[in-house]
Amino acid sequence: MKWGVVTLFPTMVADALAHGVIGRAIDRGLVELTTFNPRVYATDVHQTVDDRPYGGGPGMLMKVETLRASIADAKTELPKASVVYLSPQGEPLTQQLVQELAALPEVILVCGRYEGIDERVIELDIDREISLGDFVLSGGEPAAVALVDAVGRLVPGVLGHASSAAQDSFSDGLLDCPHYTRPEEIAGLRVPDVLLSGHHGDIAKWRRKQALGRTWLRRPEIVEKQELSDEDQLLLDEFIRESKP
Ligand code: 9D3
C-alpha cells in the first residue's frame with residue numbers, strides 16, 4: 001500500500017513510523033511512504049508557507065500556493081490515491097473506517113498546521129476529512145502517524161500469525177482481557193489461578209468473561225450496541241453478579 005503525506009514536518013512522520021512492525025513493513029516494501037513538503041515550493045526569501053485569514057483574527061492558515069503545489073506533486077506520484085485531510089472537523093476514525101482505507105491501493109494524507117487550510121482547497125483537492133476524535137492536536141502529523149499505523153497493520157504480511165489482526169481487541173468489538181506475565185506475585189498481587197491451571201478451555205472462558213465484563217464496566221455503550229450470543233450473555237451475567245458486593 002502506498003502513502004503520500006503532505007506535511008511541513010516530514011521527519012516527524014517518517015521517523016515515528018520507522019519502528020516496530022510498520023518500520024519493518026516499510027523496509028520490506030509492503031508499505032510505501034513518501035512525504036511532500038509545501039516548504040519546497042516556497043518562492044520568497046523567507047520560505048513562507050503560512051498566510052493571514054480573511055476577516056482577521058488570531059492565527060494563520062497554510063499558504064494556498066505552496067500547499068496546493070505539494071498536493072499536486074503527491075497526486076502525480078500517487079495517481080490512484082484518495083486524498084484525506086486530517087482535521088478536527090472530520091469524520092471520527094473507527095476501526096471500520098481503518099478497514100475501509102486498508103482496501104485502497106494509495107492514500108494521500110494532508111496534514112494541517114496553524115489554524116488549518118482554506119475551505120476551497122478542501123472543496124478542490126480533498127476527497128474526505130478524518131478526525132482522530134474530540135481533542136486538540138497541534139497539527140495533523142500525529143494523526144497521520146496513527147492512521148498509517150492502524151491501516152498498515154491490516155496490510156497482508158505486515159503482522160505475524162501470532163498477532164494477526166483477526167485477534168485484535170475491536171476486531172470483535174470488545175476491549176481486551178487483562179494480561180499477566182512473570183512473576184506470579186507482585187506486591188501481594190497474584191496471577192489469577194485459572195491462568196496457572198493449564199486448563200485451556202477454562203482459560204479461554206475466563207478471558208472472554210473478563211473482556212465482556214471490562215467492556216461492560218468501561219464502555220457500556222459498546223455492549224449495548226452488540227447482540228451477545230447466549231454463551232456471552234451467561235458469562236457477562238456471571239461477571240456482573242461477581243462484581244457486586
Ligand atoms: C486551538 C485551535 N482551534 C481553534 C478553535 C482549532 C484547531 C486548529 C487546528 C484545533 C486543532 C488543530 C490541529 N489539529 C489537527 O490538525 C488534527 C486533529 C485534532 O486536533 N484532533 C483530532 N484529530 C485531528 S486530525 C488533525
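The values are calculated or read from the model by the stated rules, or taken from the named source; none is laboratory data. Everything quoted here is computed from the prediction, not taken from an experiment. In this analysis, Cβ positions are derived from the backbone assuming ideal geometry, glycine residues included, and neighbour counts consider all displayed protein chains. We work out accessible area using only protein heavy atoms, side chains counted, and drop any ligands, DNA or RNA first. Shrake-Rupley method; radii C 1.70, N 1.55, O 1.52, S 1.80 Å.
At-a-glance table
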read-out	value
Residue that is closer than 21 Å to Tyr114 by Cα, within 15 Å of the ligand (Cβ to nearest atom) and open to solvent by 50 Å² or more (accessible area, probe 1.4 Å), where the choices are Pro38, Pro58	Pro58
Scan of the range 202-242 for residues that are among the charged types (D, E, K, R) and part of a loop (DSSP other than H, G, I, E, B), ordered by number	Arg219, Glu227
Restricting the range 105-121 to residues that are away from the ligand (no atom under 13 Å from the Cβ) and outside any loop (DSSP other than H, G, I, E, B), the residue that is most open to solvent (accessible area, probe 1.4 Å)	Arg120
Meets criteria (of a type outside the set (Asp, Glu), open to solvent by 50 Å² or more (accessible area, probe 1.4 Å) and either closer than 27 Å to Gln95 by Cβ or under 24 Å from the mean Cα position of the chain (by Cα) (or both)) for Lys244	no
Residue check, Lys80 among the basic types (Lys, Arg) and surrounded by 13 or more Cβ atoms within 10 Å (Cβ to Cβ)	no
Residue within the range 134-157 that is assigned to a helix (DSSP H, G or I), under 25 Å from Met1 (Cβ atoms) and more than 16 Å from the ligand (Cβ to nearest atom) present	yes
Sole exception among (1) away from the ligand (no atom under 14 Å from the Cβ); (2) of a type outside the set (D, E, K, R); (3) in contact (Cβ under 8 Å) with a residue 60 or more places away in the chain; (4) part of a strand (DSSP E or B) for Val83, by number	(3)
Residue count, the range 1-35 (criterion: surrounded by fewer than 18 Cβ atoms within 10 Å (Cβ to Cβ), small (Gly, Ala, Ser) and in contact with a helix residue (DSSP H, G or I) (Cβ under 8 Å, 6 or more places away or on another chain))	2
